[in-house]
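Q: Structure incoming, see below.
Since every read-out is calculated from the coordinates, none of them should be taken as a lab result. Remember, predicted model here, so these are calculated numbers, not experimental data. Here the Cβ positions follow ideal geometry from the backbone for every residue, glycine too, while neighbour counts run over all protein chains shown.
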Amino acid sequence: MSGQLVAELTGRVLVPMLAGGALRPLPPIGHARARAVAEHGGFAASVLDEARARRLRLARRFCPVDALPDPGPGEWMMLCALNDLLQATNPTLLGPFGSERPQKLLEMAQATLLVAGPPRSVGEALCRHATFSRLLEIVRLDTHVSFWVGRRVYKGAKPPKRLTRWRSVRRVSEREESVRLPEMTPANPAATPLFEQVLASLLAASPLTDLCTATRELPPFRWTGAALSLVSVPAGRTLVARGLDRVRAQKALAKALGGLPDPVRRGVTPEAARAATAVAELLADLERRRHETPFSARAVAGGPASAGA
């Protein structure tokens with residue numbers, strides 16, 4: 001059963017996210033089945049080559065690697081959590097007496113992300129980013145239909161044909177709206193705070209993705225332990241610097257300094273002092289790179305100007 005779930009999750013969520021196609025989330029997975037998926041792992045044979053090629057292509061924007069490991073248990077749990085995050089916005093999830101389902105599903109997704117934890121190395125951080133770099137590009141296409149006796153919104157679905165017949169007589173009009181993932185709301189609006197929390201946790205579990213999208217509006221960037229750990233080592237800082245819009249990101253990261261835990265800002269322990277120093281070095285590196293021209297020796301040698309090629 002886990003093998004079939006892995007195959008469906010790969011074909012319906014992972015590959016479309018990597019390729020920019022239409023995601024078709026699976027029915028809610030939940031925490032227990034997410035752990036089973038993580039233990040099974042491995043790609044489905046039919047989509048193995050495409051998924052590997054796309055992840056490797058993304059990783060090579062950051063460093064010249066010949067191969068990239070397949071997603072590990074943490075990434076599979078993150079994919080399950082993403083699937084359930086999307087399903088929490090599905091209006092059909094409610095059903096009769098089902099107003100608490102989105103909340104419960106999001107609670108299980110949060111528990112799954114807690115088990116997934118942060119990456120254990122810079123290499124694993126790169127692997128996770130290769131999988132989730134396009135996370136915030138996910139959009140849902142909603143269709144707004146108005147007619148002579150009212151209006152309806154179909155979230156992520158096409159309206160039934162019976163509703164759009166006799167357009168001129170019934171004064172039917174349609175309008176499509178793209179809703180970005182951070183702007184989606186659960187089927188039960190009361191679960192919105194938890195939805196935002198799960199999305200933030202999903203980003204935090206892929207700190208390179210979190211840092212490379214630091215200029216986003218929602219959810220606002222905040223320094224996490226995983227992000228601090230990544231920039232605390234030179235290799236991690238190099239990856240982050242290559243993935244950032246230097247001018248805007250420098251402002252966003254500096255603004256987020258106010259949200260650092262007090263012990264880190266004051267450097268009260270050796271670990272906290274190293275984290276604070278690492279953030280300062282990253283900001284200084286971004287400032288230096290901001291003043292480099294695309295034709296500088298450093299850029300021609302494979303620095304930031306060629307990192308995304």
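Q: Once the dipole of the chain is set up with Lys and Arg at +1 and Asp and Glu at -1 on Cβ about the Cα centre, which of Ala187, Ala241, Pro159 lies farthest towards its positive end?
A: Pro159
Q: In segment 164-212, which trypsin sites (Lys or Arg not before Pro) are in a loop and have at most 15 other Cβ atoms within 10 Å, using DSSP for the loop call? Write out the running numbers ahead of the final one.
A: Numbers: sites: Arg165, Arg167, Arg170, Arg171, Arg175, Arg180; in loops: Arg165, Arg171.
In loop regions of segment 164-212 (DSSP not H, G, I, E or B), the sparsely surrounded trypsin sites (Lys or Arg not before Pro) are Arg165, Arg171.
Q: If you don't mind, another one. Give the dimensionless ratio obtained when the Cα radius of gyration of segment 140-182 is divided by 2.2 N^0.38 Å.
A: Output field value: 1.20.
Q: Using a Förster radius of 25 Å, what is the FRET efficiency between Ser2 and Arg24 based on their Cβ-Cβ separation? Nearest 0.05, please.
A: Step by step, r from the Cβ atoms, then E = 0.85.
Q: Follow-up. Let me understand the chain better: what is its radius of gyration from the alpha carbons, and its Dmax, in angstrom?
A: When restricted to Cα atoms, the chain yields Rg and Dmax of 21.5, 74 Å.
Q: Provide the per-residue ³J(HN,Hα) series for segment 228-240, in order, calculated from phi with Karplus coefficients 6.51, -1.76, 1.60 and θ = phi - 60°, each as a whole number of Hz, with x at glycine and proline positions.
A: Taking θ as phi minus 60°, the curve returns 5, 5, 5, 7, 7, 10, x, 4, x, 4, 4, 4, 4 Hz for segment 228-240.
Q: Exposure proxy check: Ile138, Ile29 ranked by fewest other beta carbons within 10 Å?
A: Working: Ile138 19, Ile29 25.
With the fewest neighbours first, Ile138, Ile29 line up as Ile138, Ile29.
Q: Right, something else. Taking the Cβ of Met184 as the centre, find all other residues whose Cβ is under 11 Å away and add up their charges (Lys, Arg: +1; Asp, Glu: -1).
A: 0
Q: Continuing with the same structure: What's the center-to-center distance, using Cα atoms, between segment 152-227 and segment 59-110 in Å?
A: Segment 152-227 and segment 59-110 have Cα centres spaced 14 Å from each other.
Q: Additional query: Just subtract the alpha-carbon distance of Ala256 and Thr185 from 0.36 nm times their residue separation and send over the number in nm, one decimal.
A: Once the chain is fully extended between Ala256 and Thr185, it gains 23.0 nm.
Q: By counting other Cβ atoms within 10 Å of each Cβ, how are Glu287, Glu75 ranked from fewest to most?
A: Taking fewest neighbouring Cβ atoms as first place, the list is Glu287, Glu75.
Q: Additional query: Around Gly156, which amide H atoms from residues at least 5 apart in sequence, or from another chain, sit under 5 Å from its own amide H, with H modelled in the peptide plane?
A: Leu141, Asp142, Thr143
Q: So, one more: Using a cut-off of 9 Å between beta-carbons, work out the net charge of the residues near His144 (Lys and Arg +1, Asp and Glu -1, His144 not included).
A: Numbers: positive: Arg151, Arg152, Arg175; negative: Asp142, Glu174, Glu176, Glu177.
Summing Lys and Arg as +1 and Asp and Glu as -1 gives -1.
Q: If we count other beta carbons within 10 Å of each Cβ, what is the order of Met77, Met17, fewest first?
A: Met17, Met77
Q: Still on this structure, I have one more. Figure the gain on full extension for Trp148 and Glu217 (residue separation times 0.36 nm, minus the Cα-Cα span) and round it to one decimal in nm.
A: Extra length from Trp148 to Glu217 when fully extended: 21.1 nm.
Q: I want to verify a result. In a Gaussian network model of the chain, Cα cutoff 10 Å, which of these has the top mean-square fluctuation: Phe132, Phe62, Phe147?
A: Phe147
Q: How large is ³J(HN,Hα), in whole Hz, for each residue of segment 69-82 in order, when computed from phi with the Karplus curve 6.51 cos²θ - 1.76 cosθ + 1.60 and θ = phi - 60°, using x for Gly and Pro?
A: x, 5, x, x, x, x, 5, 5, 5, 5, 5, 5, 5, 4
Q: Grab the Cα-Cα distance for Arg288 and Glu196, subtract it from 0.36 nm times how many residues apart they are, and report the gain in nm with one decimal.
A: 29.7 nm
Q: If the cut-off is 27 Å between C-alpha atoms, which lysines fall inside it for Lys155, apart from same-chain ones fewer than 8 positions away?
A: Lys104
Q: Using helices alone, I'd like the mean residue ellipticity at 222 nm for the chain: each DSSP H run of four-plus residues gives -39500 (n - 2.57), total over residue count, nearest 500.
A: -15500 deg cm²/dmol
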